[in-house]
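These notes are about the structure you will find just below.
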Amino acid sequence: MKTLRLAAAAALLAAAFHAPAAEQEPLKVGALLSVTGPASFLGAPEARTLEMLVEELNQKGGIDGRKIQLVVKDTAGDPAKAVSFAKQLMEEDKVFAIVGPATSGETLAVKPIAEEGKTLLLSCAAAEVIVNPVASHVFKVAPKDGYAAEMIFRRMKKMGIKRIGFLSSNTGFGKAGKDQVEKLAPGHGVEVAVSEVYDKAATDLTAEVTKLKAANVQAILNWSIEPAQAIVIKNARQIGLTIPIFQSHGFANIQYAKAAGAAAEGVMFPASRIVVADSLAEKHPQKAVVASYKKAYESRYKEDVSTFGGHAYDALMILVRAVKEAGPDREKVRVALEGTKGFVGTAGVFNLSAADHNGLALDAFEMLTVRDGKFAVLGE
Amino acid sequence: MQLELVLQYLVAGLTYGTIYAVVGVGFNIIYNTTGIINFAQGEFVMLGGMTAVTLHRFVPLPLAIAGAVAVTMAAGALVEATCIRWLEKPSVLRMIIITIGVSILIRELALVSWGESVRALPYFTGNEVSSLTLGGVHVSPQVLWSLATCVLIVVFLWFFFQHTSLGRQMRACAANRDAAALCGIATKNLVTLSFVLSAGIGALAGCVVSPITYTAYNIGTGLAIKGFTVAILGGLGSSMGAVGAGFLVGVLEAFSVSLMPAAYKDAISVAVLLAILFLRPSGLFGSGAAARLKTA
């Protein structure tokens, strides 16, 4: 019945192809996001950002007079659901491109399907394997986890830290981070004396930090996206550990700093500049973009911006730019995406190429710290 | 290992133990009157914590906690009145499936009303970094608060079930519902009361542990699994048993971290659970005869 109706609609459209341009069919953009479930703090701000941007764009007349229609599918963070929704978006909704998924696990599950169906996929997830090896239709806008580790180790070197204790959670994010940290540490003269993996639902980590205390490490590095990252720092301070604590870019959500309260003071972590939008210098190239997105998002949704919503911003705007440049032809847009140069987004300046479907450099990250309950640039 | 470190691991174990125990105790109350496991117990814990955080924006902490306990008790009564009460002679399996359904419903409602963000009540004394030092060992004051609450709950329950008429009626209802009804006990009301009571205790636990563990719409399941484990291990129906088993599991987990990779922590506690259930099917502190009576 549905296909019949679709066919009828298509026939009507075909009959009316002489109609003026204003009545053009909208450009369909799908979104596969974990709006609910354990990764909802990634997907929910991303979905909100897309809704806000599409509304704004359509008010301004869309892309060259053609409106954008957003089709959001809630994957609840489940790779199996992401796969079936991806097929639905491609086969039933016939979307032009897909923004998301929000998590690395889901993106890796959807990657072959997008590639096979020749549908453009702009992932908001971190893992480097999403774009390495390169798949012609798969792009990602979140900076690589390897760069985050690199930034942390550079800082440690500067501080003369040679022996660290490493904690990570048992998720895709934690595992990918663990691989990068263990691979990169020796190159910076850092010894990972203890490396422990904890459950993503951990409620107290006193025993784990006691083990780090016993190993006499000079600093703690934690890699997770769950509330456990706030619990780690509380427990470390409670047992009297005063050594420096580093976190991954997963810490770039102010609610974790708030949750850890006084214990969060002085924690160091790499993050994209959007979370310190207010303290960026006026002449910083990203200032205008992050300030306007932050203002629009926060006044509309009454909640703080996060890096994750910023990823959705980058993904949609890069796509819109490519469609404007190349017209609504998928292959031409794909080539235009690969040719994106100097695009200033919330995560940094994107310079994509046929070999690099991410386009961000190490400078996408800034080392931040927590000062008086707020994120601040760490500085020299 | 230095003595100081041994004691520090012991404190970690006690922290885990209290969290597990206060959740585990809640399971026992409903089991004691109805013979079923209420799988929405974890959601009561979540509801208590979340409501208290919201109320604390307007009223002082003690009032917020009292309010949260009252709200959650009302929710418990509502759950029983809408989902359990009208069932004629429900089978245990059916009631378990209903409670699982209720837990999903509460979780989704919490997601809609509070969103996905993580919250916590402030530390009752001190803050996130303060700790008491006892002979080289550091203890967060909140751990002591949880410990005290746990003891208070157990003492209250012991007194309630052993020395009050209402408590005895509830026990009679659990032993044999038909016989209790024949003796003039309003069994349906007692089942409602057991939901109210366990919701209240769950909510109190949720408030006290929230500064340590944080609370969010989806914490219920994780807490319920651990609480259920210790309730079984201690012997279903025995509050003291749940507390004892909670500390046992907590201390085991803490020391297993000191010797092995932390990733095996949960495997260790489940292995111990299985081993004990093979040797003592009615749990560490449960009585075999009582368990047989219930299933008969």
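Here are some notes:
- The condition of being surrounded by 16 or more Cβ atoms within 10 Å (Cβ to Cβ) and closer than 25 Å to A:Gln69 by Cβ holds for only one of A:Ile98, A:Ile130, that being A:Ile98.
- Single residue of B:Phe156, B:Phe160 found to be in a helix (DSSP H, G or I), open to solvent by less than 40 Å² (accessible area, probe 1.4 Å) and either more than 21 Å from B:Val243 (Cα to Cα) or not aliphatic (A, V, I, L, M) (or both): B:Phe160
Here's the yes/no breakdown for (1) among the polar types (S, T, N, Q); (2) within 14 Å of another protein chain (Cβ to nearest Cβ):
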residue: B:Ser113; (1), (2): yes, yes
residue: B:Thr133; (1), (2): yes, yes
residue: B:Gly136; (1), (2): no, yes
residue: B:Asn176; (1), (2): yes, no
residue: B:Ala180; (1), (2): no, no
residue: B:Gly184; (1), (2): no, no
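- As a summary of the residue check, B:Leu121 satisfies the conditions (1) closer than 18 Å to B:Gln41 by Cβ; (2) touching a residue at least 60 places away in the same chain (Cβ under 8 Å); (3) within 14 Å of another protein chain (Cβ to nearest Cβ) except for the one numbered (1).
- The numbered conditions (1) open to solvent by less than 10 Å² (accessible area, probe 1.4 Å); (2) closer than 30 Å to A:Ala214 by Cβ are all true for A:Arg237 except (1).
- Against the test of being within 14 Å of chain A (Cβ to nearest Cβ) and touching a residue at least 40 places away in the same chain (Cβ under 8 Å), the options B:Gly222, B:Gly244 yield a single qualifying residue, B:Gly222.
- Hey, B:Leu109 more than 11 Å from chain A (Cβ to nearest Cβ), modelled with pLDDT of 90 or more and surrounded by 15 or more Cβ atoms within 10 Å (Cβ to Cβ) or not: no
- Applying the criterion of being in contact (Cβ under 8 Å) with a residue 60 or more places away in the chain and in a loop (DSSP other than H, G, I, E, B) to the residues of region A:100-124, the residue that is nearest to A:Leu42 (Cα to Cα) is A:Ala102.
- Looking only at region B:28-64, residues that are open to solvent by less than 10 Å² (accessible area, probe 1.4 Å) and more than 13 Å from B:Gly220 (Cβ to Cβ) come to 7 in all.
- A single entry from B:Leu144, B:Leu193, B:Leu166 fulfils the requirement of being touching a strand residue (DSSP E or B) at 6+ places or on another chain (Cβ under 9 Å) and assigned to a helix (DSSP H, G or I): B:Leu144.
- Positions within region A:148-169 being in a loop (DSSP other than H, G, I, E, B) and buried (at least 18 other Cβ atoms within 10 Å of the Cβ), in sequence order: A:Ile161
- In region A:337-373, the residues that are more than 20 Å from the chain's Cα centre (by Cα) and either open to solvent by less than 10 Å² (accessible area, probe 1.4 Å) or modelled with pLDDT of 95 or more (or both): A:Val370
- Residues located in region A:132-145, provided they are modelled with pLDDT of 90 or more and either among the β-branched types (Val, Ile, Thr) or not in a loop (DSSP other than H, G, I, E, B) (or both): A:Val134, A:Val138, A:Phe139, A:Lys140, A:Val141
- Note on region A:188-280: no enclosed helices (runs of 4 or more DSSP H) hold 3 or more residues that are more than 14 Å from chain B (Cβ to nearest Cβ) and more than 24 Å from the chain's Cα centre (by Cα).
The values are calculated or read from the model by the stated rules, or taken from the named source; none is laboratory data. Just so you know, these numbers come straight off a predicted model, no measurement behind them. Using ideal geometry, Cβ is built from the backbone for each residue, glycine included, and neighbour counts are taken over all protein chains shown. Accessible surface areas use protein heavy atoms only, side chains included; no ligands, DNA or RNA. Shrake-Rupley method; radii C 1.70, N 1.55, O 1.52, S 1.80 Å.
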